[in-house]
1. Within 17 Å of the chain's Cα centre (by Cα) and assigned to a helix (DSSP H, G or I): does that describe SER88?
2. Under 8 Å between Cβ atoms, at least 6 apart or on separate chains: pull out the pairs that start in region 87-106 with a residue that is within 10 Å of LEU47 (Cβ to Cβ) and end on any residue that is acidic (Asp, Glu) and surrounded by 13 or more Cβ atoms within 10 Å (Cβ to Cβ).
3. State all residues of region 21-38 that are without any contact (Cβ under 8 Å) to a residue 40 or more places away in the chain and open to solvent by less than 80 Å² (accessible area, probe 1.4 Å); if no residue qualifies, say none.
4. If a residue must be among the acidic types (Asp, Glu) and either within 21 Å of the chain's Cα centre (by Cα) or closer than 28 Å to LEU104 by Cα (or both), how many such residues does region 34-80 contain?
5. May I ask you to list pairs of residues, at least six apart or on different chains, whose Cβ atoms are under 8 Å apart, with the first in region 129-143 being at negative phi and at pLDDT 90 or above and the second being part of a helix (DSSP H, G or I) and surrounded by 10 or more Cβ atoms within 10 Å (Cβ to Cβ)?
Amino acid sequence: MLRCRFDLYTLGEESRAMSTTLQNWAFLRKKVEKSMLVFFNPIKFGLTFTLGNLLSIGSTGFLIGPKRQVTMMLDPVRIYATAIYLASMIIALFCALYVHNRLLTLLAIILEFGALIWYSLSYIPFARSMVSKVMVSCLDTDF
């Protein structure tokens, strides 16, 4: 049986450049396929996204300590953002695990992503008020 082995170091310069181009296209294709996972299989994406968010909260709790993490999350400035963020994670898990509806899971992911951004902005001084003002000025219909 004859076997053909391709080694990038034994091929010519043109073949190596073509091989790198093909490798780049394959990498780009895989990235696009993975990013489309949210539309083709939102239940799987919702589970992994929510698990990642839970691990993120756990990792910051590990770095600064669980007591300080909970006191920062329950700070009066960000108590509502924390409640909405945690509730959106519960809703996303509920839609993905119990309801098994792709549209509801996709909407729950969008809600969770918005809550994540709002929760993250609560740690930056004046960020939520600035974003609110920018959004109001962008969505204002009076010219």
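The values are calculated or read from the model by the stated rules, or taken from the named source; none is laboratory data. Everything numeric here is computed off the predicted structure, so don't read it as measured data. Backbone-built Cβ (ideal geometry, glycine too); neighbour counts: all protein chains shown. Calculation scope for accessible area: heavy atoms of the full protein, side chains included, ligands and nucleic acids excluded. Shrake-Rupley method; radii C 1.70, N 1.55, O 1.52, S 1.80 Å.
1. Values: within 17 Å of the chain's Cα centre (by Cα): yes; assigned to a helix (DSSP H, G or I): yes.
Considered against the rule, which asks whether it is within 17 Å of the chain's Cα centre (by Cα) and assigned to a helix (DSSP H, G or I), SER88 comes out as yes.
2. Close Cβ pairs satisfying both conditions: ALA92/GLU112.
3. Start the filter on region 21-38 by keeping residues that are without any contact (Cβ under 8 Å) to a residue 40 or more places away in the chain, which leaves 21-37.
THR21, ALA26, VAL32, SER35, MET36, LEU37, listed by residue number.
4. Let us first name the residues in region 34-80 that are among the acidic types (Asp, Glu), namely 75.
Checking which are either within 21 Å of the chain's Cα centre (by Cα) or closer than 28 Å to LEU104 by Cα (or both) leaves us with none.
So the answer is 0.
5. Within 8 Å, the pairs are VAL131/LEU121.
Residue-wise test of (1) open to solvent by 40 Å² or more (accessible area, probe 1.4 Å); (2) of a type in the set (Phe, Trp, Tyr).
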{"site": "PHE40", "(1), (2)": "yes, yes"}
{"site": "THR48", "(1), (2)": "yes, no"}
{"site": "MET72", "(1), (2)": "yes, no"}
{"site": "ALA92", "(1), (2)": "no, no"}
{"site": "TYR119", "(1), (2)": "no, yes"}
